[in-house]
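Take a look at the structure below.
The values are calculated or read from the model by the stated rules, or taken from the named source; none is laboratory data. The structure displayed is predicted, hence computed values, not measured ones. In this analysis, Cβ positions are derived from the backbone assuming ideal geometry, glycine residues included, and neighbour counts consider all displayed protein chains. Accessible surface areas use protein heavy atoms only, side chains included; no ligands, DNA or RNA. Shrake-Rupley method; radii C 1.70, N 1.55, O 1.52, S 1.80 Å.
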Amino acid sequence: MIQALRSLETEPSARSDQPLPPLVHHPTAHKVRAWLVTKRMSLAWAVPLLAITAIVRLINLGGSPQRVDDEGTYVAQAYAVSRLGNLSHYTYWYDHPPLGWIQIAVWEKLTFGFSRYDVAILAGREFIVVAGVVAAAMLFILARRLRLSRPAAGAAVLILALSPLAVQYQRTVFLDNVATPWLLAAFVLALAPSRQLAAFAGAAVCFSIAVLSKETYLLFLPFLGWQMWRMADRGTRRYTVSMAGAIVVVLGVCYVLMATLKGELLPGTNRVSLVSGIGFQLFGRQSSGSLFQSGSQARATLEHWMLDPAILVAGFLAALLLLRSRRFAPIASAIVFLVVFALRPGYLPVPYVIALLPFFALLIPAAIEVSIKAALASSSAVRRWLQIAATGVAAVLAVVIAVPMWAAQAPGLLQVDHDQPMRQAERWTRLPADGGRLDVARPRRGRLPADQGCLVPQGRHGPRGRRDGSERLARLRLRDQHQLHPQGLRRRADSCPGTNQFGRGGELR
């Protein structure tokens, strides 16, 4: 044993005269280092802007906006995926593809979101903030792929980061917020200058994920295909674009196959079906009326969007201006089409604007930069300076109008607690039975109509490890497997002695 140890001690000195083996540089580390060096200027622009995007959305995340019923629905469905092993907390009836809330469930599973927040919807909003930051990163890359300068790309991200309309909607648990980063990633990959086979395949996968998260994003398909067709190499154009289209079809068929394997493809007695769900979305929804009709639901939706009219008007005008630009024609055409589509006399969902906001933010600085470059390329000095002056005046006017408007909206988004009535209602459900009040711990004595935003599992536990009253209410709701229609809820609320109102947000609408 001693002899062996001595041999180990003397062996290095005996070999000291031999050359050391050469150091092997890992190719991946070398590529990452080279990429960081190449992209250092873009990273210097993008990273602070992404930090601003995250900070603005995280401030007062639980206070503004007030919880809405859609958030309760999607977070409860994410809870059912992660904790119950089901696609929904009630019968899944194919109202939306499930991939959106499955992504929320995966995030919650990885981060233990329901255990970290006393309100489960905040776990969903946390994921939405992450999705918003990713969307901002994709927006910067998309702007650079479209050959915008770094200041213009940074301006696009800053507009999206600070617009009150974007802040309001991009911190709410809507499936559109889950789909938007995937849509932007699809356009980024469609603009790839090299390795188009892999890039187009990735674009098709990203677009399919966006559609399976929110079905209305299928409206972007012809414009994404147009973008691919224009970017594809002529020698391989038919092959690469056809391959991308086949991937979209195959992934879409997977959703149909799921319904088929569950025996829920076609309508039948006492069962849901994919065909019925699609029929409801396309033809069964009540029309929102016209945007130009006072008192219509569409007009009310437009008034919600008027939280920031500057980005809506400037973005649409920029899209019209860029229709003649070869680089921006597919995206500008998509925005013009979607705006015109919203004017049709049909159902207009409130989160419809979420898909438009990143492209509005992109097209505004793009229109300014394209106009200035066109002016500088003009051979006439008079025309050159007139166009530059007109563009500068328009840009300054937009800033003068937008900045005070955004500053006036900032306190309501970053300071005011609009969700207080909801928490008051939840605290009331934890009180014991008193007179005419309903004891939610003994539900057989009556029913308590409540907003869907309250009826999701709460992460907080009560004394001795027991769930609090709002969790018991949520579990009763999950077992009930029945969702009241708003009209039926109003009729029951009129005759229910346990109905109370809390502040302005407690009103049944």
Percent carbon-and-sulfur accessible area, the stretch 270-313, ignoring ligands, DNA and RNA, probe 1.4 Å: 57
Tyr347 long-range amide H proximity, modeled H, under 5 Å: Ser288
Coordinate range along principal axes, alpha carbons of the stretch 51-193, Å, largest first: 49, 33, 25
Heavy-atom accessible area per residue - the stretch 131-280, 1.4 Å, Å²: 41
Heavy atoms of Ser325 accessible to a 1.4 Å probe, total area in Å² rounded to 10: 20
Cα-only radius of gyration and Dmax that characterise the stretch 102-142, units Å: 11.7, 37
All-pairs Cα distance distribution in the stretch 119-258, expressed in whole percent, bin size 10 Å: 12, 37, 34, 15, 2, 0
Loop-located trypsin sites (Lys or Arg not before Pro) in the stretch 294-357 whose Cβ has at most 13 other Cβ within 10 Å (DSSP): Arg326
Volume of the Cα convex hull of the stretch 297-352, divided per residue and given in Å³: 76
log₁₀ of I(q)/I(0) at q = 0.11, 0.16, 0.17, 0.20 Å⁻¹ - the stretch 253-390, Debye sum with one point per alpha carbon: -0.62, -0.93, -0.97, -1.10
Sulfur and carbon atoms: percent of accessible area, the stretch 65-168 [1.4 Å]: 63
